[in-house]
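Undergrad: Just passing along the structure, written as structure tokens.
Read the figures in this text as sums done on the coordinates, not as results from a lab. Since we're looking at a predicted model, the values are computed, not measured. Because the Cβ atoms are built from the backbone with ideal geometry, glycine has one as well, and the counts that use them run over all protein chains shown.
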Amino acid sequence: MKLRVLACAFACDPEGRSGHGAGEDQLGWNLINQLSRWCELWVLSHPNNRPGVESALAKRPNPALHFHYLRLPTWLECLSKHHKGGIQIYSYLWQMAAYLAGRRLHREFHFDVFHHMTYANDWMASFIGACLRIPFVRGPGGGADRTPRAFLKEYCFGDRLWERFRSLGQWLLRQDPFFRIGEHRARAILVCNREALKRVPQKHRSKATVFPVIGVSSSDLVATVRVERPAKTFRVVSAGKLLYWKGFGLVIKAFKAFLDTHTTPGVEQKPELIIVGDGPEFPRLRALARRLGLQGDVRFDGWLPHDEVLARMRSCDVFLYASLRDGGGAVVVEALAAGLPVVCLDLGGPGMHVTEGCGIKVEAECPEQAVRDLAAALARLYQDKGLRHRMGKSARERAQRDYHWDRLGDRMLEIYEHALGRELGTTPPAPTSEVSHVPF
């Protein structure tokens, strides 16, 4: 008989359009589908996910998945549209409704395990995990990452104030008795980076495991014909939602420093920077590019569908990323899958994903040093085409070997078996590609 799992996936939209974060949506959707290879799942989710979920299940039915959608009163829905605190307050209150629904379902189906999958931050209480008397697995999640103090001057006053409020709010929520009870009861705590692992109290550290919040599918790894472009163009790409902590200002400044100090106009390859994404920082970033005289060198492509983002990456030479606090860094793994060497700051998820063989990581000491070192890393790859190709090949191999969803699903099963103290079910269907153990 299949293991019966109650899963809490507030964000879980295969199309990534729920408004709760595309990375969280993809995490929820892929984890439940991987676990359905061995388990039967009852999934508590938000109604915003329903159109994408029903569309995907209509194309590929999965009888092991049972969705139950929960919405808070209409007057609270406005909170879910604000990503500076509002969505966190909403998801906290939503967990209370999830507990009532989960308790009712447990009386009927007698679950073997509860898994809090998305919005499983290392400071957010899970009321089901704390109160429902069944084995509890939390994560993967993060939240411990903070902007290095020296980089706060890159933010406007309001954003600096919010960073302080965010840190205080997280500290208070970690004192929440429901959070502490849940952390004590959890059989396994999955965290998405080194910073989150350090935040787990020492007495619970033995239950903690680093597990990425992003993977790639076989379709992501299918080889495609690279877009034709001028042979003498060196194309740098960066992508993501244009938010203040994503560091796109540092990306533009580093590209400017690279142009000024490491290139000779009219002699070597002509560099250009492409930024894919949209968000509230767009006007400021466009103004910055103009102020630095980069109108003809920096291109803003706006928001693109996932497949087009991967295609755009494959038409470029290097992926440049300078996020100052990014627990997951999904776009970095996508760049690895596209075969791009990655230049990034050694922080959070990106610092974990990128190894010496597939990119260049830069220490984050201060903005001036980071810009200088990011520019030097670009120059190294600009001047050495062979190094770009070797790193690109290693990047793609790492994505396939360490981040394929089939392998991550296998590893999640191992975590379940360890948490429950027994082997589960029968041999699952074979993965769609060969992948090896995930070294996290």
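Undergrad: Reachable lysines from K241, Cα under 24 Å, same-chain residues fewer than 8 places away excluded?
TA: K81, K84, K153, K253, K256, K361
Undergrad: For V362, which sequence-distant residues (separation of 5 or more, or a different chain) have an amide H within less than 5 Å of its own amide H, given hydrogens modelled in the peptide plane?
TA: Distant-sequence amide H within range of V362: C344, L345, D346.
Undergrad: While we're on this one: Under 5 Å between amide hydrogens, which residues at least 5 positions from K270 or on another chain qualify, with H placed 1.01 Å from N in the peptide plane?
TA: The answer is T233, F234.
Undergrad: Looking at (i) 54, 31, 20; (ii) 38, 24, 19; (iii) 50, 23, 20, which value of semi-axes √(5λ) of the Cα gyration tensor in Å comes from a calculation on the structure shown?
TA: Among (i) 54, 31, 20; (ii) 38, 24, 19; (iii) 50, 23, 20, the one derived from this structure is (ii).
Undergrad: Could you run the Karplus curve 6.51 cos²θ - 1.76 cosθ + 1.60 with θ = phi - 60° over region 39-52 and give me ³J(HN,Hα) per residue in whole Hz, x for Gly and Pro?
TA: 10, 9, 10, 9, 10, 8, 8, 8, x, 4, 7, 4, x, x
Undergrad: Once the Cα atoms of helix 248-262 and of the chain are each reduced to a long axis, what angle between those two axes, in degrees from 0 to 90 to the nearest 10, is obtained?
TA: So the helix axis and the longest Cα principal axis differ by about 30 degrees.
Undergrad: Quick one: dipole size for the chain, taken about the Cα centre, charges +1 on Lys/Arg Cβ and -1 on Asp/Glu Cβ, in debye to the nearest 20.
TA: It works out to roughly 660 debye.
Undergrad: Compute the long axis of helix 157-174 from its Cα atoms, compare it with the longest principal axis of the Cα atoms of the chain, and write down the angle in degrees, 0 to 90, nearest 10.
TA: 30
Undergrad: Also, I was wondering about something else. Between E417 and H262, what length in nm is gained on full extension when 0.36 nm per residue of separation is reduced by their alpha carbon distance?
TA: Numbers: separation 155, 0.36 × 155 = 55.80 nm, distance 5.31 nm.
Length gained between E417 and H262: 50.5 nm.
Undergrad: For region 353-398 and region 151-174, compute the distance between their C-alpha centroids and round to whole Å.
TA: So the two Cα centres are separated by 29 Å.
Undergrad: Once the piece of chain linking K84 and C131 is laid out straight, how much longer is it, given 0.36 nm per residue of separation minus the C-alpha distance between them? Display every interim value, and only then the final one.
TA: Details: separation 47, 0.36 × 47 = 16.92 nm, distance 2.83 nm.
The K84-C131 span can extend by a further 14.1 nm.
Undergrad: Ranking request for peptides 14-26, 45-57: highest mean number of other beta-carbon atoms within 10 Å first, then the rest in descending order. Intermediate results must be reported in sequence, preceding the final value.
TA: Numbers: 14-26: 21.1, 45-57: 18.2.
Ranking the peptides 14-26, 45-57 by packing returns 14-26, 45-57.
Undergrad: When W75, W29 are ordered from fewest to most other Cβ atoms inside 10 Å of their Cβ, what list results? Walk me through the numbers on the way to the answer.
TA: On the way: W75 7, W29 26.
Result, fewest neighbours first: W75, W29.
Undergrad: A follow-up question, please. In what sequence, highest mean first, do 187-200, 142-155, 333-346, 244-257 appear when ranked by Cβ atoms within 10 angstrom?
TA: On the way: 187-200: 22.0, 142-155: 18.3, 333-346: 25.9, 244-257: 24.0.
Ranked by mean Cβ neighbours within 10 Å, highest first: 333-346, 244-257, 187-200, 142-155.
Undergrad: Compute the long axis of helix 86-109 from its Cα atoms, compare it with the longest principal axis of the Cα atoms of the chain, and write down the angle in degrees, 0 to 90, nearest 10.
TA: 30
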